[in-house]
1. Counting pairs on different chains as well as pairs 8 or more places apart, how many Lys pairs in the chain have Cα atoms under 17 Å apart?
2. Expressed as a fraction of 2.2 N^0.38 Å, the rule-of-thumb size for a compact globular protein of N residues, what is the C-alpha radius of gyration of the stretch 157-304?
3. May I ask you to order 114-120, 199-205 by the average number of other C-beta atoms within 10 Å around their residues, highest value first?
4. Using the per-residue mean of other Cβ atoms lying within 10 Å as a proxy for protection, in what order, highest first, do the peptides 308-314, 230-236 fall?
5. What FRET efficiency comes out for the pair Arg219/Thr173, r = Cβ-Cβ distance, R0 = 45 Å, nearest 0.05?
6. Given a Förster distance of 30 angstrom, what is the FRET efficiency for Thr125 paired with Val194, based on the Cβ-Cβ distance and rounded to 0.05?
7. Roughly how tilted is helix 89-99, in degrees to the nearest 10 and between 0 and 90, from the longest Cα axis of the chain?
8. With an 8 Å Cα cut-off and a minimum separation of 6 or more residues, compute the relative contact order for the stretch 157-304 in percent.
Amino acid sequence: MTSMIPNEPSPRRERRSGPRTVTPLAPPTLEGTGALKLPFDQATLHATVRAALQEDGAFHDLTTIATVVSDRRARGTLVVRRDGVIAGIPVALETFRVLDSKISIRVDAEDGTRVSAGSTLLYVTGHARALLSAERVALNYLQRLSGIATMTAKFVEAIDGTAAKILDTRKTTPGWRLLEKYAVRAGGGSNHRVDLASAILIKDNHLAALDGDVALAVRRARQLAPPGMQVEIECETLEQVDQAIAANVDVILLDNMSVADMRVAVGRIGGRALVEASGGVTLANVRRIAETGVDWISVGALTHSVEALDMALELE
């Protein structure tokens with residue numbers, strides 16, 4: 001059965017369970033803790049990382065080839081410079097292993113772990129050329145994904161004690177969507193629809209093409225939707241909310257409404273549909289939104305304008 005109900009967040013680890021060593025003979029680990037699982041199989045992960053390394057010219061790193069002898073080995077520590085929540089460790093591991101299949105890595109912080117500034121994430125030992133050439137791609141993955149996980153955790157904490165859930169949106173970096181949505185789960189959030197083919201969400205421009213006829217839009221959606229798939233509709237006014245209730249939709253999205261109107265809308269809906277709030281959500285107002293009684297709060301800022309979590313690879 002297909003549903004609009006978002007994926008459950010994965011448990012976020014507050015403490016490390018101890019270091020994990022990844023040796024040349026160790027199988028790849030794509031899972032974090034609990035339900036937190038990277039959305040790629042090993043072949044896809046390898047191809048994705050290899051393409052990123054090719055984009056960066058890592059297989060023909062002129063500076064490193066010119067300055068570092070080919071048999072030189074090195075050790076390095078990947079540290080985080082700000083407090084945050086980690087995401088992207090399996091991707092970083094694969095980045096280093098693509099360039100040095102015999103590398104040894106000690107993992108000190110798994111995905112979903114909360115860390116403080118100065119904490120060690122990885123300790124790597126391998127060919128110096130490989131470490132240097134993989135460094136930027138590994139950091140790009142880890143910094144952005146951890147930035148998303150960290151921002152998500154802040155929103156989740158801001159509404160702690162309410163019944164609402166924090167959801168992401170489709171406002172993601174092209175080609176990175178599955179990874180970015182994974183990072184949202186690492187931060188304790190939940191995923192909204194993955195793509196346009198996975199759920200029905202009637203938005204304002206769809207209604208504009210139907211002269212604003214909510215009933216017609218919902219009726220057509222029901223005719224196409226697979227059995228069990230929920231139909232969601234975006235409402236910008238309380239009048240549209242009333243029309244959505246009359247059309248018996250499954251989910252009503254309150255778009256850019258004031259907190260006062262959200263509270264009125266939730267009362268009118270009265271549990272007959274799930275209620276999502278979206279538009280203009282910030283850390284400053286998200287708790288007030290949650291306290292209106294909405295079920296979901298979708299936040300585009302989790303992925304479209306997140307600040308990377310500062311990290312560095314320090315070679316010995």
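A short reminder: the numbers here are calculations on the coordinates, not readings from a lab. Everything quoted here is computed from the prediction, not taken from an experiment. Note: ideal-geometry Cβ built from the backbone for every residue, glycine included; neighbour counts use all protein chains shown.
1. Number of lysine pairs found: 6.
2. 1.02
3. With the highest mean Cβ count within 10 Å placed first, the list reads 199-205, 114-120.
4. The densest-packed peptide leads the list: 230-236, 308-314.
5. E between Arg219 and Thr173, to the nearest 0.05, is 0.80.
6. Working from the Cβ atoms, E equals 0.20.
7. Approximately 40 degrees, to the nearest 10.
8. 30
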